[in-house]
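> I have a structure here, written as structure tokens, and I will follow up with some questions on it.
The values are calculated or read from the model by the stated rules, or taken from the named source; none is laboratory data. Please read all numbers here as calculations on a predicted model, not as lab measurements. Backbone-built Cβ (ideal geometry, glycine too); neighbour counts: all protein chains shown.
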Ligand code: PMV
């Protein structure tokens, strides 16, 4: 379980009466994937991701101090301007998990107003951006109540709280590249929170592009909590966790040396392994759609014909993230428009790139 007492806020008598905090926090795309967890929300293997720039959640947190601390958490939730009762249980359990670290939660009534910059139900995971945005707003309030917290402690604790909302959310607070999960060859890495990749990154990865093809915008077939659970007792899980640890070392070297061919190999293999784990679990799932495979084959053809360093990765769904160096932007965009848009639902895709993490608005 670990001792996380350093993240428990000191009880302070200073509590602002009312106010409002707005922030944005991006989604992220894992290069080495996190799939499999143990209580509470700790990863079975370390992961590494690109923080995104365009796909993000914007959240406003209004707070008002109560006369007396209440028994329950008091909050209202709006998504894109409309009340959203189906999101409430998730926020309720998030509050329960984090209240030991931010004890002021029951002293306030909150109104949470949240919206995404990416299309609603696009199949893009919104839990990473949504949970990290809320954690970021709450930590701004925590900072007002406990102003002695240092910037470093503040960032760590924000990632720590985000993780308790959704594991991958821990990786959205900073950018452009973050690591979550303890690995002996990544200095200062931790299972409890994500850190910024702590080594110099080769200029080949500056401004790396991610164009997300919306192949299937339907509801997720498998929720990520069910997916993580399927790794318990999975026949290949221990080998998978070992492989992820090895891929972290490989990717660390690749990011430092700028080896784009190595990058392609690790990233595509990680995406296919994530899907292979789901195809070989019980129950089993195929999360790709025929168009996902068509896109993958087209990418491989294009790479062979042109020598491009384009590659793909996948989340736990059918959409395809196309990753490529900034220097190839024009050529790859032509390729996407002429060859790949036909595989997207309603021709939709999102042009994103690596970004710097959560910020105040
Ligand atoms: O943060 P969760 O519990 O939604 O899990 C995310 C898992 C993947 O997106 C499939 C992989 C990852 O590392 O982000």
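> Kindly indicate whether residue 258 is on the phi > 0 side of the Ramachandran plot and away from the ligand (no atom under 14 Å from the Cβ).
Against the criterion (on the phi > 0 side of the Ramachandran plot and away from the ligand (no atom under 14 Å from the Cβ)), residue 258 qualifies.
> While we're looking at this one, here's another question. Restrict the check to region 143-155 and report whether at least one residue is outside any loop (DSSP other than H, G, I, E, B) and in contact with a strand residue (DSSP E or B) (Cβ under 9 Å, 6 or more places away or on another chain).
yes
> If the requirement is being in contact with a strand residue (DSSP E or B) (Cβ under 6 Å, 6 or more places away or on another chain) and modelled with pLDDT under 95, which of these qualifies: 84, 18?
Unique residue meeting the criteria: 84.
Conditions tested, residue by residue: (1) in the same structural domain as residue 20 (by TED's automatic domain parsing); (2) in contact with a strand residue (DSSP E or B) (Cβ under 7 Å, 6 or more places away or on another chain); (3) touching a residue at least 12 places away in the same chain (Cβ under 8 Å).
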site	(1), (2), (3)
309	no, yes, yes
314	no, yes, yes
322	no, yes, yes
325	no, no, yes
333	no, no, yes
338	no, no, no
348	no, no, yes
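> Right, here's the next one. Has region 135-142 got at least one residue that is within 19 Å of residue 24 (Cα to Cα), more than 16 Å from the ligand (Cβ to nearest atom) and over 22 Å from the mean Cα position of the chain (by Cα)?
Within region 135-142, one or more residues are within 19 Å of residue 24 (Cα to Cα), more than 16 Å from the ligand (Cβ to nearest atom) and over 22 Å from the mean Cα position of the chain (by Cα).
> What strands (runs of 3 or more DSSP E), lying completely within region 1-101, carry at least 1 residues that are within 16 Å of the ligand (Cβ to nearest atom) and within 30 Å of residue 353 (Cβ to Cβ)?
So the answer is 18-32, 47-65.
> Just to be sure before I move on: is residue 358 in contact with a helix residue (DSSP H, G or I) (Cβ under 9 Å, 6 or more places away or on another chain) and farther than 30 Å from residue 158 by Cβ in the structure I sent?
no
> Continuing with this model, one more query. Just to be sure I understand, how many residues within region 103-134 are away from the ligand (no atom under 16 Å from the Cβ) and assigned to a helix (DSSP H, G or I)?
So the count comes out to 5.
> If you don't mind, another one. Of the residues 76, 67, only one is surrounded by fewer than 16 Cβ atoms within 10 Å (Cβ to Cβ), at pLDDT below 95, farther than 25 Å from residue 227 by Cα and in the same structural domain as residue 168 (by TED's automatic domain parsing); which?
67
> Please determine, by comparing only the residues of region 305-322 that are part of a strand (DSSP E or B) and under 16 Å from the mean Cα position of the chain (by Cα), which one is nearest to residue 227 (Cα to Cα).
If we take residues in region 305-322 being part of a strand (DSSP E or B) and under 16 Å from the mean Cα position of the chain (by Cα), then 314 is nearest to residue 227 (Cα to Cα).
> For a quick check of your reading: which strands (runs of 3 or more DSSP E) sit entirely within region 156-250 and have at least 2 residues that are away from the ligand (no atom under 13 Å from the Cβ)?
The strands (runs of 3 or more DSSP E) meeting that bar are 194-196, 209-213.
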